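*Asks:* Before anything else, here's the structure in question.
Just so it is clear, none of the values below were taken in a lab; they were calculated from the coordinates. Source: prediction; values computed, not measured. Using ideal geometry, Cβ is built from the backbone for each residue, glycine included, and neighbour counts are taken over all protein chains shown.
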Amino acid sequence: MFFEELMTHSKITLLKAKYPTIKEIRKSIVDDIITELAKNKVKVGLDNLELYLIIDEALTNAMEHGNKWNQNKYIHIEVAKDTNQLYITITDEGKGFNYPETHSTAHMQPRGRGIFIIKQFAKVSWNKKGNSITMAIPISYAANTVQ
C-alpha cells in the first residue's frame with residue numbers, strides 16, 4: 001500500500017525545454033509537447049484541439065504579459081506526469097502577477113480570457129512569484145486500453 005501511494009505522488013518528467021519569446025514559434029512549441037505525449041503514450045481526457053488551446057493560451061500569456069515579447073527572454077516548459085495527472089508547467093522570466101486580484105472578472109472582458117479558458121479544461125496553480133503556471137489534466141486510462 002505504501003509503495004502505491006508513493007508511486008501516485010512521484011512525477012516522471014517527459015519534457016524539459018526552453019524556447020525564446022517569439023510569437024511565431026508557439027505552434028511548434030505546442031507540437032513538441034503533443035508529440036512528446038504521443039511518444040510516451042500519455043492520453044488525457046481532452047481532445048488535441050482542447051489541449052492545443054490551453055497550452056497556446058498559457059504560452060501566449062507568458063510571452064505577452066510575462067516576457068513582454070522580449071526575444072532575449074525565454075519560456076521554460078516542463079511536462080511531467082504521475083499515475084493520475086499530466087502536469088504542464090510554463091514559466092516566463094517576467095516579474096509575475098497576483099491572479100486573484102487581477103483576473104476576477106477577466107472572462108467578462110474582450111481580452112484577458114485566457115486563464116478563464118484554461119480553467120475550463122485543467123486545474124490551475126501558480127508559483128508564489130506568479131510567473132509560472134501549472135496545468136494539471138487527468139490522465140485518461142480508458143483511452144489507453146487496447147481493444
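*Asks:* Calculate, in nm to one decimal, what T13 and D31 gain on full extension: separation in residues at 0.36 nm each, minus their alpha carbon distance.
*Replies:* Details: separation 18, 0.36 × 18 = 6.48 nm, distance 1.73 nm.
Computed gain between T13 and D31 is 4.8 nm.
*Asks:* Points 7 angstrom from Cα along the Cβ direction at D47 and S140: gap in nanometres?
*Replies:* 1.0
*Asks:* For the cross-link pairs K16/K123; K27/K119; K16/K68; K11/K68; K41/K73; K41/K128, which exceed 29 Å when the distance is taken from alpha carbon to alpha carbon? Walk me through the numbers before you get to the answer.
*Replies:* Details: K16/K123 20 Å; K27/K119 21 Å; K16/K68 22 Å; K11/K68 31 Å; K41/K73 32 Å; K41/K128 32 Å.
Result: K11/K68; K41/K73; K41/K128 exceed 29 Å.
*Asks:* N127 versus I22, label points 7 Å from Cα toward the beta carbon: distance in nm?
*Replies:* My value for the distance between the label points is 2.4 nm.
*Asks:* If you don't mind, there's one more thing I want to ask. Amide H neighbours of I75 under 5 Å, counting only residues 5+ apart in sequence or on other chains, H built in-plane at 1.01 Å?
*Replies:* Here Y19, T21 satisfy the definition.
*Asks:* Name the residues whose placed amide hydrogens come within less than 5 Å of the amide hydrogen of S140, ignoring near sequence neighbours (fewer than 5 apart) on the same chain.
*Replies:* Counting only residues 5 or more places away or on other chains, the set is K43, V44, G45.
*Asks:* Further, regarding this structure: Which residues in the range 70-99 place their backbone N less than 17 Å from a point set 7 Å from the Cα of F116 along the Cα-to-Cβ direction?
*Replies:* 99
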